[in-house]
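What follows is a set of notes on a single structure, which appears directly below.
Please treat every number below as a calculation from the coordinates, not as lab data. Owing to the predicted nature of the structure, the values given are computational and were not obtained by experimental measurement. Ideal geometry is used to build each Cβ from the backbone, glycine not excepted, and the neighbour counts take in all protein chains shown.
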Amino acid sequence: MKTDIKNYSMKSLGLWLESEGIRAYRAIQIFNWIYRKQADDFASMSDLSKELRQVLEAHFFNDRLRLETTAISQDGSVKYLFRLADGHTIESVLMPEKDHSTLCISSQVGCAQGCAFCLTGAGGFVRNLTLGEILSQVRDIQWRMDREAPRLSNIVMMGMGEPLANYAAVVQAIEVLTNARCGLGFSTRKVTLSTVGLAPRILQLGQDVMVNLAVSLNAADDEIRNRLMPINRTYPLDVLMSACRDYALPKRRRITFEYILMEGVNDAVSDALRLVKLLHGIRAKVNLIPYNEHEKSAFRRPSLPAIERFQSVLMDKGMTAIIRNSKGQDIGAACGQLRADRDLAG
Ligand code: SAH
Ligand code: SF4
């Protein structure tokens, strides 16, 4: 049976080629065709010998994801719903800004982490995405994007799923995304991975690849975080913070801590002061995300004065704290609103 060539890393494709008696460096040319030149057919890879093109054709396919629907928000963001070969669906969200665009991609179908506030979590876990499915979201949207749209320069792994729970595929995807020679060529400064806080894998990630790290914190206190995020029972705040302190953070970079503000849950001045203490000594910036309400949850967004009060406590203590309103709320594309339409997926 043929396999998706995009499930191969440069290294594994090189090894496969060698096992067929073909020089490994041909993998560079093949990657170039797939990711830089957006080739669909092996036949079009004109600097490869006819024999090699036939070998590739016999063993691999190079399909695109099936685009089921797109929804365009009033703020300009676009939600793409893709149907995978086995019938499951995933979503990716393109967010155009003034001079560039950011794409939010998924790493799993569903999510096993079960955070109390998140709609993706409410649907449970279905399966990991393959390397090819992760990369295809970027490759296909780049190919489909309006030529007039601001250039795609930023990738955030903040869609459906917990990226560090699909570790091998996600690390390989980051390698292709940031490979300037024959991959998708994104700057390592412009690729961000957001995690629920799998502490041992945060440390491993710092050893394996260059990427911006974002940690979904949402509480500065174990008791509250236990209630919101089950993972906190496995990796409580002291373990998580020590992983963040030990993370191999490149010079002049900071870890982003995401903090969803939920009324009466984690938005008091005392919570802000605890957050300041928790992040003391870490090169950090805080993204404050006013909660996106949805029908499956009783959590509420605080009033604007309460949100601004929380921010000013952090800023008065010298921290960088930015209020980030999620885009695409009107089309269900905002943080925590993504979910698989599981009609056919069962
Ligand atoms: N699993 C990873 C990445 C995907 S979740 C993680 O949790 O970090 C993406 C982000 O959406 C997380 O920061 C999460 O805290 C946030 N989020 C989830 N539900 C939300 C909601 N209803 N409103 C605002 N942000 C939400
Ligand atoms: Fe999963 Fe992230 Fe949602 Fe938690 S917030 S359930 S880790 S997608």
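Over the alpha-carbon set of the stretch 3-61, divide Rg by the Kirkwood Rh and report the Rg/Rh ratio to two decimals.
Values: Rg = 10.1 Å, Rh = 11.3 Å.
Using only Cα positions, Rg/Rh for the stretch 3-61 is 0.90.
For the chain, with a Gaussian network of springs between Cα atoms less than 10 Å apart, report the residue from Leu228, Leu213, Leu48 with the top mean-square fluctuation.
Result for the chain, Cα springs under 10 Å: Leu48 fluctuates most.
For Arg252 and Gln54, compute 0.36 nm times the residue count separating them, minus their Cα-Cα distance, and round to one decimal in nm.
Values: separation 198, 0.36 × 198 = 71.28 nm, distance 4.79 nm.
That pair, Arg252 and Gln54, stretches by 66.5 nm at full extension.
Enumerate the residues in the stretch 311-325 having an amide nitrogen under 14 Å from the point lying 7 Å beyond the Cα of Val269 toward its Cβ.
311-317
Mind giving me the nanometre distance, one decimal, between the label points for Ala39 and Leu304, set 7 Å out from Cα along Cα→Cβ?
Using points 7 Å along Cα→Cβ, the separation is 5.4 nm.
Per-residue ellipticity at 222 nm for the chain, helices alone: DSSP H runs ≥ 4 residues times -39500 (n - 2.57), over residue total, nearest 500 deg cm²/dmol?
Values: 12 runs with 109 residues, N = 346.
The per-residue figure over the chain is -9000 deg cm²/dmol.
Dimensions of the stretch 217-327 along principal axes (Cα, Å, largest first)?
40, 32, 28 Å, listed from the longest principal axis down.
What do you get for Rg/Rh over the stretch 66-331 if you use C-alpha atoms and the Kirkwood form of Rh?
Result: Rg/Rh = 0.94.
Tell me which lysines have Cα within less than 29 Å of Lys37's Cα, excluding those fewer than 8 residues away on the same chain?
Lys2, Lys6, Lys11, Lys50, Lys79, Lys98, Lys190
Note down the relative contact order for the chain as a percent, whole number, built from C-alpha pairs under 8 angstrom at least six residues apart.
Details: 660 pairs, mean separation 56.3, N = 346.
Value for the chain: 16 percent.
Quick check for me: using +1 on Lys/Arg Cβ and -1 on Asp/Glu Cβ, what's the dipole size of the stretch 162-226 about its Cα centre, in debye to the nearest 20?
Working: 5 positive and 6 negative charges, 82 e Å.
In debye, rounded to 20, the stretch 162-226 gives about 400.
What FRET efficiency comes out for the pair Ser19/Lys277, r = Cβ-Cβ distance, R0 = 56 Å, nearest 0.05? If you can, show how the numbers build up before the last one.
Details: r = 55 Å, r/R0 = 0.99.
It comes out at approximately 0.50.
Please give the residues of the stretch 165-193, grouped as numeric ranges, whose backbone N is less than 18 Å from a label point set 7 Å along the Cα-to-Cβ vector of Asp47.
179-185, by backbone N distance to the label point.
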